[in-house]
Amino acid sequence: MPSQRHTAAPPSDPVAEWSGLPAGVVDAARAAVLAVGVRRTTLTDVARRAGVSRMTLYRLVPDVETLVLHVLSAEFAALLQRAEHAVARRRTGRARLVGGVVEVVRALPSEPLFTRVLDVDPDLLLPFVTDRIGTTQRVALAHVRRMLAEGHADGSIRRGDLDTQAMTVLLLCTPFVLSARLLDASAATTGVARDAALRELTVVLDRGLAP
């Protein structure tokens with residue numbers, strides 16, 4: 001019999017924490033980071049670009065880093081939705097989960113904002129690899145957890161603790177995102193192209209989640 005933990009409702013969308021941001025602020029923050037990077041972006045600059053009062057923005061967000069992490073999370077959530085839409089016709093929960101996750105892993109390293117942060121301010125991401133779970137990761141965990149539950153329901157994914165399975169999927173996939181450039185740069189010498197590595201990731205996820 002499934003435990004209460006398995007049947008509990010998935011966590012609320014973490015992006016909603018900042019749903020009160022004025023229209024245009026997210027776009028303004030994105031434009032500022034793409035132009036000058038995170039460390040050189042200021043809330044004053046973002047407020048000016050967005051056409052809102054500086055004090056209004058200061059009341060909504062404590063600092064630029066928090067704002068940028070929100071923008072990254074919002075863009076990541078949009079990427080998850082696009083990937084889920086792309087695999088919506090697949091017949092089983094496992095096929096949709098594996099296909100959607102691998103598509104996100106393939107696409108995320110090419111997203112302009114993620115690329116800019118990795119180029120200019122990579123230390124912003126390090127704590128979320130080694131020390132703590134951030135908003136973007138919570139978005140990913142909630143999404144994967146929901147898709148795992150669909151696979152449990154249709155019998156295509158082996159039963160297990162949803163939170164543990166979701167975290168395992170996240171930990172398996174993170175190096176493929178952060179090391180995408182390494183794979184691309186070393187393909188000539190190692191003979192391992194990123195597409196080939198992603199095909200192996202597909203096999204690992206599919207077989208690991210099979211009943």
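Quick note: the coordinates plus some simple rules give every number you see, no bench work behind them. Note that the structure is predicted; figures quoted are calculated from it, not measured. A quick note on method: Cβ atoms are made from the backbone with ideal geometry, for glycine too, and the neighbour counts reach across all protein chains shown.
Counting only DSSP H runs of at least 4 residues, each contributing -39500 (n - 2.57), and dividing by the residue count of the chain, the helix-based mean residue ellipticity at 222 nm comes to -21500 deg cm²/dmol. Pairs of Cα atoms nearer than 8 Å and 6+ residues apart set the relative contact order; for the chain it is 24 percent. Angle between the Cα long axis of helix 162-178 and the longest principal axis of the chain, 0 to 90 degrees, nearest 10? Approximately 60 degrees, to the nearest 10.
Between S53 and A31, the FRET efficiency from the beta-carbon distance, with R0 = 25 Å, is close to 0.85. Look at the Cα gyration tensor of the chain: its axes a ≥ b ≥ c give a/c of at least 1.5 with a/b at or below b/c, and that counts as oblate.
Using R0 = 30 Å, the C-beta based FRET efficiency linking Q81 and R159 works out to 0.65.
Report the full-extension gain for the segment D184 to A196: residue separation times 0.36 nm, less the Cα-Cα distance, to one decimal in nm.
Values: separation 12, 0.36 × 12 = 4.32 nm, distance 1.09 nm.
Using 0.36 nm per residue and subtracting the Cα-Cα distance, I get 3.2 nm.
Label positions at E65 and R89, each projected 7 Å from the Cα along the C-beta direction, are separated by 4.5 nm. For the chain, the residue among A185, G160, G134 whose Cα projects farthest onto the positive side of the dipole built from Cβ charges is G160.
Which of the trypsin sites (Lys or Arg not before Pro) found in the range 123-211 are in a DSSP loop and have at most 14 neighbouring Cβ atoms, other than their own, within 10 Å? Don't jump to the answer; show the numbers that get you there.
On the way: sites: R132, R138, R145, R146, R158, R159, R181, R194, R199, R207; in loops: R132, R158, R159.
Here the trypsin sites (Lys or Arg not before Pro) that fit, given the DSSP loop and packing criteria, are R132, R158, R159.
Compute the angle between helix 194-209 and the longest alpha-carbon principal axis of the chain, please, reported from 0 to 90 degrees and rounded to the nearest 10. The answer is roughly 60 degrees. For the range 152-204 versus the range 42-99, the spacing of their alpha-carbon centroids is 23 Å. To the nearest 20 debye, what charge dipole does the chain have about its Cα centre, counting +1 at the Cβ of each Lys and Arg and -1 at the Cβ of each Asp and Glu? With only Lys, Arg, Asp and Glu charged at Cβ, the dipole is about 380 debye. Seen from A35, the other residues with C-beta closer than 12 Å to its C-beta sum to a net charge of +3, counting Lys and Arg as +1 and Asp and Glu as -1.
Angle check, please: helix 180-190 long axis (alpha carbons) against the longest principal axis of the chain (alpha carbons), in degrees 0 to 90, nearest 10. Relative to the chain, helix 180-190 is tipped by roughly 60 degrees. Listed values for the range 51-59 are Karplus-derived 3J(HN,Hα) couplings in whole Hz (6.51 cos²θ - 1.76 cosθ + 1.60, θ = phi - 60°), namely x, 10, 5, 4, 5, 4, 5, 5, 6, and x replaces Gly and Pro.
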